[in-house]
Amino acid sequence: MKHIFLTIFMLSTLSMMAQEPEGNPKLEALRNEKNQTVLQQKIKGMENGSAEDLDLLIQYYSKDATKKDAATKSLLKKFPESNQARMQRMVSFLKLKGTENMEAHLQSMIKAYPKVNLDMEKSMLSSLYAEEPNSAKVLQYVNAMEDPVFRLRALVMAIELMAAIDNTPALELATKELANAKKMKGQTALSKSLKADPKAAYNDFINIYGKMLFKAGKNDEAYKYTTEAFNSIQNRDAELIENYAFLSSLNGKYEEALPVLANAVKEGKHEHKYIEQVRKGYAKLNPGKDVDTYIVSLQNAFVEKIKTRVSKLIVNEAAPDFSVTDVNGKKVSLADFKGKTIVLDFWATWCGPCVASFPAMQMAANRYAKDPNVKFLFIHTWDNVPDPLTDAKNFLSKRDYKFDLYMDLVNQSTKRSPAADSFKVKGIPAKFIIDGHGRIRFNIEGFEGKAEAAAEELSQMIELARS
């Protein structure tokens, strides 16, 4: 949850805060100053300087909590409307637990800064309630925002969070707010308070709205808004492009749609409805040609490409004798899976790439659900909450993932996660495919690309590992 909050914050402020070049010369100069008299003079000047100066001091005092807190208070008092102060207020939410504490924290901000726009701070609460999901509470905080354009941006963020958990309430909320969103259509001037772009906000809304309608099977409505988004957005995402092509094919526009849909099948989109639209489009545009052979060639090209790539990644290393606990607290180790091919997926609730990989992991797990010789262990690691087991279980349950959950709990003495350490995990998600002899045959970190390709890639790794 904290990771989601921070992501939301960074996305919200991206268009408003100037991006500094990599590294910060001023901060480095401050840290490298050897002359203590000069250093204290610089610090004194910065204490009485600008918001940027105080923000730099906060970074400089990253390991001195007392001085960092003093610099933060000075920034909030002297420059409450600055982007730097807003960042500090946003970050302060991440230290809290529970909606009641966060709501109380926001109310204290409203009293402390009666003349400051706190729309971004309110977006933290709307996004928090989107994760429950609680539409009424989302609207409570969205409707409390002063900037109408940022209001729409915050609404889109909340709807996206809701849709990832349950498409139905997210679509209901978006439909309810459609008329308000349309008020932004055609506007180009940035909002006065937060400099939010109305055109971008409206395009983001119709983009996600079209996707939710498509997922709900409301193809006629989806086509209307997907077409509008497709024609309005310059940097189109892959989902928008594929949805537009599919919906266009339903309306007989095969010349435009077939290349996109055929490529989607070639990249692993093997759902029946996509295959059927490729079949219809190919038959329409290529009368007399063998449709089945064409489709098989697309599917085979996908599998062969994956096989070629995966074959280059194989390794042969002894797996460490790790141990983790299942949801009932029972400890299991490598020896418990002797003779089986096992897939270890190290992840955490706060890890964005981990969550992004889950649709692919569910696809792969489903393929081997009835295979007793293949076992998936979804290992929650690097926890940062008081009750990581409940946090992980609730996270998966809300999103309806049917994973076999295991816990790599942080050792309270070492503050390390022992299983992840035994595999020398440097970043998550981290996946290890171990054969029946206890040998690591594949190890991969991170996630990118489409779910279908990632699922097929993992399947090919499993097959190679047990061959």
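Is there a residue being within 21 Å of residue 247 (Cα to Cα), part of a helix (DSSP H, G or I), of a type in the set (S, T, N, Q) and within 21 Å of the chain's Cα centre (by Cα) anywhere in the stretch 173-189?
Looking for residues that are within 21 Å of residue 247 (Cα to Cα), part of a helix (DSSP H, G or I), of a type in the set (S, T, N, Q) and within 21 Å of the chain's Cα centre (by Cα), one finds none in the stretch 173-189, hence no.
Collect the residues in the stretch 313-327 that are among the acidic types (Asp, Glu) and open to solvent by less than 80 Å² (accessible area, probe 1.4 Å), keeping them in residue-number order. If you could, list the steps in order and put the result at the bottom.
At the first step, the residues of the stretch 313-327 found to be among the acidic types (Asp, Glu) are 317, 321, 326.
Of everything in the stretch 313-327, just one residue is among the acidic types (Asp, Glu) and open to solvent by less than 80 Å² (accessible area, probe 1.4 Å), namely 326.
To keep it simple, each residue is scored yes or no on (1) under 30 Å from residue 313 (Cα atoms); (2) over 22 Å from the mean Cα position of the chain (by Cα).
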site: 394; (1), (2): no, no
site: 407; (1), (2): yes, no
site: 417; (1), (2): yes, yes
site: 423; (1), (2): yes, yes
site: 441; (1), (2): yes, yes
site: 449; (1), (2): yes, no
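Are there any pairs, at least 6 apart or on different chains, whose C-beta atoms fall under 6 Å, with the first in the stretch 118-137 and modelled with pLDDT of 90 or more and the second open to solvent by less than 10 Å² (accessible area, probe 1.4 Å) and of a type in the set (S, T, N, Q), and if so, which?
120/12
Mind checking which pairs have a first residue in the stretch 69-95 that is more than 11 Å from residue 55 (Cα to Cα) and a second that is assigned to a loop (DSSP other than H, G, I, E, B), Cβ under 8 Å, 6 or more apart or different chains?
Pairs found: 80/113; 80/116; 81/116; 81/117; 89/118.
From 240, 194, 213, grab the single residue that is within 23 Å of residue 267 (Cα to Cα) and open to solvent by less than 60 Å² (accessible area, probe 1.4 Å).
On the way: 194 fails: within 23 Å of residue 267 (Cα to Cα); 213 fails: within 23 Å of residue 267 (Cα to Cα).
Sole residue among the options that is within 23 Å of residue 267 (Cα to Cα) and open to solvent by less than 60 Å² (accessible area, probe 1.4 Å): 240.
Among the residues of the stretch 412-467, which ones are within 14 Å of residue 360 (Cβ to Cβ) and part of a loop (DSSP other than H, G, I, E, B)?
Answer for the stretch 412-467, where residues must be within 14 Å of residue 360 (Cβ to Cβ) and part of a loop (DSSP other than H, G, I, E, B): 429, 446, 447, 448, 449, 450.
Suppose we filter 218, 211, 199 for residues that are in contact with an Asp or Glu (Cβ under 8 Å, 6 or more places away or on another chain) and at pLDDT 95 or above; which single one remains?
Working: 218 fails: in contact with an Asp or Glu (Cβ under 8 Å, 6 or more places away or on another chain); 199 fails: in contact with an Asp or Glu (Cβ under 8 Å, 6 or more places away or on another chain).
Going through 218, 211, 199 in turn, just one is in contact with an Asp or Glu (Cβ under 8 Å, 6 or more places away or on another chain) and at pLDDT 95 or above: 211.
What is the one condition in (1) in contact with a Phe, Trp or Tyr (Cβ under 9 Å, 6 or more places away or on another chain); (2) over 26 Å from residue 163 (Cβ atoms); (3) β-branched (Val, Ile, Thr) that residue 414 does not satisfy?
(1)
Of everything in the stretch 153-191 that's open to solvent by 30 Å² or more (accessible area, probe 1.4 Å) and β-branched (Val, Ile, Thr), which residue is modelled with the highest pLDDT?
Only one residue fits best here, namely 175.
Taking only the stretch 399-416 into account, find how many residues are open to solvent by 80 Å² or more (accessible area, probe 1.4 Å) and not polar (S, T, N, Q).
Qualifying residue count, the stretch 399-416: 5.
State whether the residues of the stretch 247-254 include one that is of a type in the set (Lys, Arg) and in a helix (DSSP H, G or I). Break it down into steps so the answer makes sense when it comes.
Let us first name the residues in the stretch 247-254 that are of a type in the set (Lys, Arg), namely 253.
Filter once more, keeping what is in a helix (DSSP H, G or I): none.
No, there is no match, as no residue in the stretch 247-254 is of a type in the set (Lys, Arg) and in a helix (DSSP H, G or I).
What helices (runs of 4 or more DSSP H) lie completely within the stretch 271-380 and have 1 or more residues being more than 29 Å from the chain's Cα centre (by Cα)?
On the way: elements: 272-285, 291-311, 352-367.
Per the criteria, 272-285, 291-311.
Report whether or not residue 205 is under 19 Å from the mean Cα position of the chain (by Cα) and of a type in the set (Phe, Trp, Tyr).
Values: under 19 Å from the mean Cα position of the chain (by Cα): yes; of a type in the set (Phe, Trp, Tyr): yes.
Answer is yes for this residue.
So, residue 220, is that one without any contact (Cβ under 8 Å) to a residue 40 or more places away in the chain, within 26 Å of residue 448 (Cα to Cα), of a type in the set (D, E, K, R) and open to solvent by 10 Å² or more (accessible area, probe 1.4 Å) or not? Break it down stepwise before answering.
Working: without any contact (Cβ under 8 Å) to a residue 40 or more places away in the chain: yes; within 26 Å of residue 448 (Cα to Cα): no; of a type in the set (D, E, K, R): yes; open to solvent by 10 Å² or more (accessible area, probe 1.4 Å): yes.
So residue 220 does not fit the description; no.
Please determine, by comparing only the residues of the stretch 255-269 that are acidic (Asp, Glu) and open to solvent by 80 Å² or more (accessible area, probe 1.4 Å), which one is nearest to residue 455 (Cα to Cα).
First, the residues of the stretch 255-269 that are acidic (Asp, Glu): 255-256, 267.
Applying the additional criterion that residues be open to solvent by 80 Å² or more (accessible area, probe 1.4 Å) yields 255-256.
Details: 255: 30, 256: 28 Å.
Among residues in the stretch 255-269 that are acidic (Asp, Glu) and open to solvent by 80 Å² or more (accessible area, probe 1.4 Å), the one nearest to residue 455 (Cα to Cα) is 256.
When you go through (1) surrounded by fewer than 19 Cβ atoms within 10 Å (Cβ to Cβ); (2) closer than 21 Å to residue 319 by Cβ one by one for residue 379, which number turns out not to apply?
(1)
How many of the residues making up the stretch 127-154 are over 22 Å from residue 199 (Cβ atoms) and assigned to a helix (DSSP H, G or I)?
11
One line per residue, one yes/no per condition, for (1) surrounded by fewer than 14 Cβ atoms within 10 Å (Cβ to Cβ); (2) under 30 Å from residue 434 (Cβ atoms); (3) among the small types (Gly, Ala, Ser); (4) modelled with pLDDT of 95 or more:
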{"position": "271", "(1), (2), (3), (4)": "yes, no, no, no"}
{"position": "278", "(1), (2), (3), (4)": "no, no, no, yes"}
{"position": "282", "(1), (2), (3), (4)": "no, no, no, yes"}
{"position": "300", "(1), (2), (3), (4)": "yes, yes, no, no"}
{"position": "311", "(1), (2), (3), (4)": "yes, yes, yes, no"}
{"position": "329", "(1), (2), (3), (4)": "yes, yes, yes, no"}
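The values are calculated or read from the model by the stated rules, or taken from the named source; none is laboratory data. All of these numbers come straight from a predicted model, not from anything done at the bench. Reconstructed Cβ throughout: ideal geometry from the backbone, glycine too, with neighbour counts over all protein chains shown. What goes into the accessible areas is simple: the full protein's heavy atoms, side chains included, and nothing from ligands, DNA or RNA. Shrake-Rupley method; radii C 1.70, N 1.55, O 1.52, S 1.80 Å.
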